[in-house]
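A short write-up of the structure that comes next.
The values are calculated or read from the model by the stated rules, or taken from the named source; none is laboratory data. Here the structure is a predicted model, which means the values were calculated and not measured. No Cβ is skipped: glycine too gets one built from the backbone with ideal geometry, and neighbour counts run over all protein chains shown.
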Amino acid sequence: MKSRAPVYSSFVLAALLLTGCAPATGEGVSAATPAASPTMEATREPIVGEPGDPLTAAEAKQLNGQRGTLRPYEKNDGSYVIIDVKQPLPEPVKQEVAEEISGSSSTDLGDFFAETDRQSAATGKTLIVVRYMNASDAYGNYSTAWRSSSAAPGFPGGTGGSAEEVAAQARAWADGQRNPASFEVIIVNG
């Protein structure tokens, strides 16, 4: 029977030489310099700022991938600002969201709810919308009043004589929930 030890040791030596693991005393053998990889790139500085501060498109893309509660919000003009999902929306963002929702049809609830859902996704908030609108009860009786609506589970809705009254009812409900900061009350005029 032949011994296989010389074959195995030759194979191991060849593997070590090919992978750059040769002994330091070996002449003419050098380890390959690794090419730069995405994981070796310099780490970017984290985006810092306050809600409402402007962002460039590159900063918005970077911020979108960071952890935490800050995120970019793309405005209608294509610019970006910082929002914090754990804080109230900056007033200019609330106004823009209200304008977008007011552009939806008050008579087509599908259009209204679809736009509300789009704005909820854009802001990272569950929106409670207060709007002057028609509605009917279970008996088919129509009335026009300030009303609140939301996709929030368990939201009871609300009706009142003014936007402020209904918004206060909605905020009181949101404040009683487990994560009040996740809700934003938006008053839509129009």
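I'd like to verify a number: residues in region 144-153 that are in contact (Cβ under 8 Å) with a residue 12 or more places away in the chain and either surrounded by fewer than 14 Cβ atoms within 10 Å (Cβ to Cβ) or at positive phi (or both), how many? Spell out the reasoning first.
Step one: list which residues in region 144-153 are in contact (Cβ under 8 Å) with a residue 12 or more places away in the chain, which gives 144-152.
Right, trim to either surrounded by fewer than 14 Cβ atoms within 10 Å (Cβ to Cβ) or at positive phi (or both) and you get 144, 151.
Number of matching residues: 2.
Is there any pair with a first residue in region 73-92 that is without any contact (Cβ under 8 Å) to a residue 24 or more places away in the chain and a second that is crowded, with 18+ Cβ neighbours inside 10 Å and among the β-branched types (Val, Ile, Thr) whose Cβ atoms are under 9 Å apart and which are 6 or more apart or on different chains, and what are they?
75/81; 75/93
Which of the residues belonging to region 135-159 are charged (D, E, K, R) and under 28 Å from the mean Cα position of the chain (by Cα)?
Answer for region 135-159, where residues must be charged (D, E, K, R) and under 28 Å from the mean Cα position of the chain (by Cα): just 147.
Somewhere in region 69-90, is a residue surrounded by 10 or more Cβ atoms within 10 Å (Cβ to Cβ), at pLDDT below 90, more than 30 Å from residue 189 (Cβ to Cβ) and not assigned by TED's automatic domain parsing to the domain that holds residue 179?
no
Any chance region 168-190 includes a residue that's charged (D, E, K, R), farther than 22 Å from residue 110 by Cα and over 24 Å from the mean Cα position of the chain (by Cα)?
Within region 168-190, none of the residues are charged (D, E, K, R), farther than 22 Å from residue 110 by Cα and over 24 Å from the mean Cα position of the chain (by Cα).
Has region 115-123 got any residue that is closer than 17 Å to residue 86 by Cβ and in contact with a Lys or Arg (Cβ under 6 Å, 6 or more places away or on another chain)?
no
Specify the residue that is farthest from residue 71 (Cα to Cα); the eligible residues are those in region 105-140 that are in contact (Cβ under 8 Å) with a residue 12 or more places away in the chain and of a type in the set (S, T, N, Q).
Ranking the qualifying residues of region 105-140, first place goes to 134.
Taking region 130-143 only, how many residues are at pLDDT 80 or above and surrounded by 10 or more Cβ atoms within 10 Å (Cβ to Cβ)?
So the count comes out to 5.
Do any helices (runs of 4 or more DSSP H) entirely within region 79-190 hold 3 or more residues that are touching a Leu at 6+ places or on another chain (Cβ under 9 Å) and within 27 Å of residue 50 (Cβ to Cβ), and if so, which?
Ranges flagged: 109-123.
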